[in-house]
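See below for the structure under consideration.
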Amino acid sequence: MSAGVGRFEMDELRLVVGAMVILSGATALLVVLPYMLLKDEPPPPGLKPYTAQQLKGRQVYIANGCVYCHSQQPRDIAQAPDAQRGWGRAPVAGDYAYDTPHLLGTMRTGPDLLNIGARQPSRDWHLGHLYQPRAYTPGSTMPPYPFLFDVRQGAAQAGETVVTLPPAWSRPGQVVVARPEALALVDYLIALDRTYPALPPMPPLTKATP
Amino acid sequence: MDFTVGILLTTFLTSVLALFVFIASMAKGLFGSGGAAAVQIFDDGEMGTVEDPAATRAQRGSLQRAMDPGQHAARTSVDVAIRQRADQSSSLVVGVCLTLSVLWLVLASLAGLISSIKLHSPDWWVGMEWLTFGRIRPIHLNLVAYGWCSMAGIGVALWLIPRLLKTELVGARWALLGGALWTVGVVAGTVAIATGHSDGLEWLEYPWQADIPMVVGGALVGFPMWLTLLRRKVDHLYVSVWYIAAALLWFPILFLIANWPDLHFGVQQATMNWWFGHNVLGLWFTPLALAASYYFIPKVLGKPIHSYNLSLLGFWSLAFFYSQVGGHHLIGGPVPSWLITISIVQSMMMVVPVVAVAINQHLTVLGNFRALLYSPTLRFIVLGGMMYTAASVQGSLQALRSVNTVTHFTHYTVAHAHLGLYGFFTMVMFGAIYFIMPRVMKWEWPYPWMISAHFWLVVAGFGIYFVGLSFGGWYQGLAMLDKDIPFMDSVRLTLPYLQARSVGGALMTMGHLVFAVHFFMMGWKFGPRRLGAALLRPPVLLPGVGRGVGA
């Protein structure tokens, strides 16, 4: 109160200024610098923008939290055998030019999916696998997504996509029809294909002048 | 000059410069106060007197005998009245925040337990969209982070502020409004995730519409602290005030930048994501829990912390190093390598603040371990402090490329996250709440055995949880690195460990239920004994001092 009013102000001032300077530094380093460096990074020539349908599927992927078990960032062969599992080459920043929000993921309860479209291009497989993963991968711990499908007795109507399940898992007289969300999600999964070369082709070598 | 070399060199020079500035200010005594600030938490003549409102009368007697059996000069009635008025001034807002936090804790635990079971029993409870693993898991994380941890941390901080500044809390209604807005945000965000409207970023799932009340609410809960600081009646700011003030300043800024719509993109968004993801731990939760342990450990024991200057070194180095470690979540990812290198280096540098805290807290307790037998508060907080050291050292090691290559993408990381936010933060909050609530309610905890039951359930449960998941995650990581082992084997081998985690999680949830039931029994003033004003000796109010006591 009485003695050393200046001291009080010093303490608070040091605190606020110090805390803000430190936070600004970290933000500059981890948020602003990457922003400036990557803002104008061109997408690789082999990467196509998502279609409206694929983006709809991407929203289904986000809504159902696929990212909590699947990464989308194969590691370099020097670090891990991801390429040998068929997950693809190590990605570069440009591979994610159209990926907002990013879905890099931090967990591999299931496999990496950055190139699942190249690895498993079958629409039927994906639909059936989403309906019941264990019909295709014994021992899988992936949840089934029955709410993305309609299960009915009788036949499907015209224009509907019927899910063909392995014989052991299909019931006679029962038909499983994919809902639009399931179809969109599968379109997105099949579009996940970054197998094009990461870098543009090298320009022809010219003889160095001495 | 190569850009990468340039940025690394700049960072290095800045860090060295900061270190010199820091050493210089230490030498010049800019942190000065030293011992004077350390004893600030005691009234004249109070040192040597234990305080733990969660202890029974018998426990308190044993605690006092274990610590300092001698005779003490009594506190003056003025000091007693000031402390009482400080406690009174915050009791409503603290009571509200802590009650909400306990409710969130129970809901968050149930969401966590459901998620855990689903990981090893994927065909359980699959019909409802909102219960699918990919939704209930982020619901669990967000309820823990923004429901339980944040609300508990805010409540404890608001209770500490008037005590530490020896004055009444000014403008508590702003904090009440802030807490209400925050709660609106948490409810809206949780509903958004459940209905499939998540933003898709870990730790940032709530859509921006739910974030607005949280940013505003977060700023508002800090408001009374600044108002109270202007009227403080102490010469020096105790280290807990530094931590609390900085945290309340940092969080709204972090949360605002991270959630700004349509600003971040692609890989830049990933670096931003982990800048936030780690800063919310390092600059929000950690400071709040450290503030609490820096107050309660010496207060319960009745002796000041080992080294006050060291505690400030810990504060500044925590702020500096912790704020830059986020990139270690992206090791092996498509991000600039200089960013990852800086984060790994700063992760290792985190050893500095951790050792500072460890020395201070452990040396303060050292030689007084008998006190843990008698003080429920201390039991939780000292265990939490140990878990802080463990989690931090583990975190530094995990940032090393060689270790990270194994543990990244596995359950090991999940176990580590729980060591920090549960083993450390949550334990400290439990201890703090056991201390605070008798002062807020003017009522003793009705059934001491329930405190013990709570403690042993969560300790046993968390032990099983952590050990099981760490081993399972490590083996999972090793299997994933061996190209000759099919991926499915890395899934299969984790099953028994995941089941163990569910057992541990169930015990923890039971512990939380015991805690919540006890909490509300106290709220309704159950139980055999009434404590009155919960003071060791009745206060004598002086004329003019007693004004405004009623809350």
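The values are calculated or read from the model by the stated rules, or taken from the named source; none is laboratory data. As the structure is a prediction and not an experimental result, all values here were calculated from the model. Counting neighbours? That spans all protein chains shown, and the Cβs are built from the backbone with ideal geometry, glycine included.
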Matching option when the condition is touching a residue at least 40 places away in the same chain (Cβ under 8 Å), surrounded by fewer than 19 Cβ atoms within 10 Å (Cβ to Cβ) and more than 9 Å from chain A (Cβ to nearest Cβ), among B:Leu227, B:Leu248: B:Leu227
Identify the single condition in (1) away from chain A (no Cβ under 14 Å); (2) in a helix (DSSP H, G or I); (3) of a type outside the set (D, E, K, R) that B:Leu169 does not satisfy, given that it satisfies every other one. (2)
Taking B:Leu201 and the conditions (1) crowded, with 19+ Cβ neighbours inside 10 Å; (2) in a helix (DSSP H, G or I); (3) more than 18 Å from the chain's Cα centre (by Cα), which numbered condition does it fall short on, given that it satisfies the others? (2)
Out of B:Ser293, B:Ser311, report the one residue that is in a helix (DSSP H, G or I), modelled with pLDDT under 95 and under 30 Å from B:Pro69 (Cβ atoms). B:Ser311
Do we find that B:Arg83 is over 26 Å from the mean Cα position of the chain (by Cα) and basic (Lys, Arg) in this structure? no
Matching residues in the stretch A:11-28 (aliphatic (A, V, I, L, M) and either under 14 Å from B:Val241 (Cα atoms) or at the interface with chain B (Cβ under 7 Å from one of its Cβ atoms) (or both)) number 7
Please work out if B:Val191 is buried (at least 24 other Cβ atoms within 10 Å of the Cβ) and either small (Gly, Ala, Ser) or within 14 Å of chain A (Cβ to nearest Cβ) (or both). no
Looking at the stretch A:167-178 only, could you name the residues that are modelled with pLDDT under 95 and under 27 Å from B:Ser121 (Cβ atoms)? A:Pro167, A:Ala168, A:Trp169, A:Ser170, A:Arg171, A:Gln174
State all residues of the stretch A:141-152 that are within 7 Å of another protein chain (Cβ to nearest Cβ) and either part of a helix (DSSP H, G or I) or under 16 Å from B:Val491 (Cα atoms) (or both); if no residue qualifies, say none. A:Thr141, A:Met142, A:Pro143, A:Pro146, A:Phe147
What pairs come up if the first residue lies in the stretch A:46-59 and is in contact (Cβ under 8 Å) with a residue 12 or more places away in the chain, the second is of a type in the set (A, V, I, L, M, F, W, C), and their beta carbons are under 6 Å apart, counting only those six or more places apart or on different chains? A:Gln53/A:Ala184; A:Gln54/A:Ala191; A:Lys56/A:Ala184; A:Gly57/A:Ala184; A:Gly57/A:Leu185
Residue list for the stretch B:326-340, restricted to those being farther than 15 Å from A:Tyr35 by Cβ, of a type in the set (Gly, Ala, Ser) and at the interface with another protein chain (Cβ under 7 Å from one of its Cβ atoms): B:Gly332, B:Gly333
With the condition kept exactly as written, say whether any residue in the stretch A:127-140 is out of contact with any helix residue (DSSP H, G or I) (no Cβ under 8 Å at 6 or more places or on another chain), touching a residue at least 24 places away in the same chain (Cβ under 8 Å), assigned to a loop (DSSP other than H, G, I, E, B) and buried (at least 17 other Cβ atoms within 10 Å of the Cβ). no
Please verify whether B:Val78 is in a helix (DSSP H, G or I) and surrounded by fewer than 24 Cβ atoms within 10 Å (Cβ to Cβ), treating the condition exactly as stated. yes
Provide a single number: the residues in the stretch B:449-476 that are within 16 Å of A:Met107 (Cα to Cα), in contact (Cβ under 8 Å) with a residue 60 or more places away in the chain and more than 9 Å from chain A (Cβ to nearest Cβ). 3
Tell me, which residue of the stretch A:61-89 that is assigned to a loop (DSSP other than H, G, I, E, B) and in contact (Cβ under 8 Å) with a residue 60 or more places away in the chain is nearest to the other protein chains (Cβ to nearest Cβ)? A:Asn64
Going through the stretch B:422-450 one residue at a time, which ones are in contact with a Phe, Trp or Tyr (Cβ under 7 Å, 6 or more places away or on another chain) and surrounded by fewer than 22 Cβ atoms within 10 Å (Cβ to Cβ)? B:Pro438, B:Pro446
Residue under question is B:Lys233, and the condition is that it be facing chain A (nearest Cβ under 9 Å) and charged (D, E, K, R); does it hold? yes
Please find, among B:Ile154, B:Ile136, the residue that is assigned to a helix (DSSP H, G or I), closer than 22 Å to A:Thr109 by Cα and at pLDDT 95 or above. B:Ile136
Quick check: anything in the stretch A:180-188 over 20 Å from the mean Cα position of the chain (by Cα), in a helix (DSSP H, G or I) and more than 20 Å from B:Glu129 (Cα to Cα)? no
Can you tell me which residue in the stretch A:1-39 is modelled with the highest pLDDT, limited to those that are more than 34 Å from the chain's Cα centre (by Cα) and small (Gly, Ala, Ser)? A:Ala19
Filter the stretch B:251-272 down to the residues that are touching a residue at least 40 places away in the same chain (Cβ under 8 Å) and at the interface with chain A (Cβ under 7 Å from one of its Cβ atoms), then identify the one that is farthest from B:Ala319 (Cα to Cα). B:Val267
Output the number of the condition that B:Ala180 fails; it satisfies all remaining conditions of (1) outside any loop (DSSP other than H, G, I, E, B); (2) under 24 Å from the mean Cα position of the chain (by Cα); (3) within 25 Å of B:Ser502 (Cβ to Cβ). (3)
Checked the stretch B:108-162 for anything crowded, with 21+ Cβ neighbours inside 10 Å and charged (D, E, K, R); matches are B:Lys118, B:Arg135, B:Arg137
Does B:Trp174 qualify as being touching a Pro at 6+ places or on another chain (Cβ under 7 Å) and more than 11 Å from chain A (Cβ to nearest Cβ)? yes
I need a count of the residues in the stretch B:31-45 that are modelled with pLDDT under 90, farther than 15 Å from B:Leu310 by Cβ and part of a loop (DSSP other than H, G, I, E, B). 2
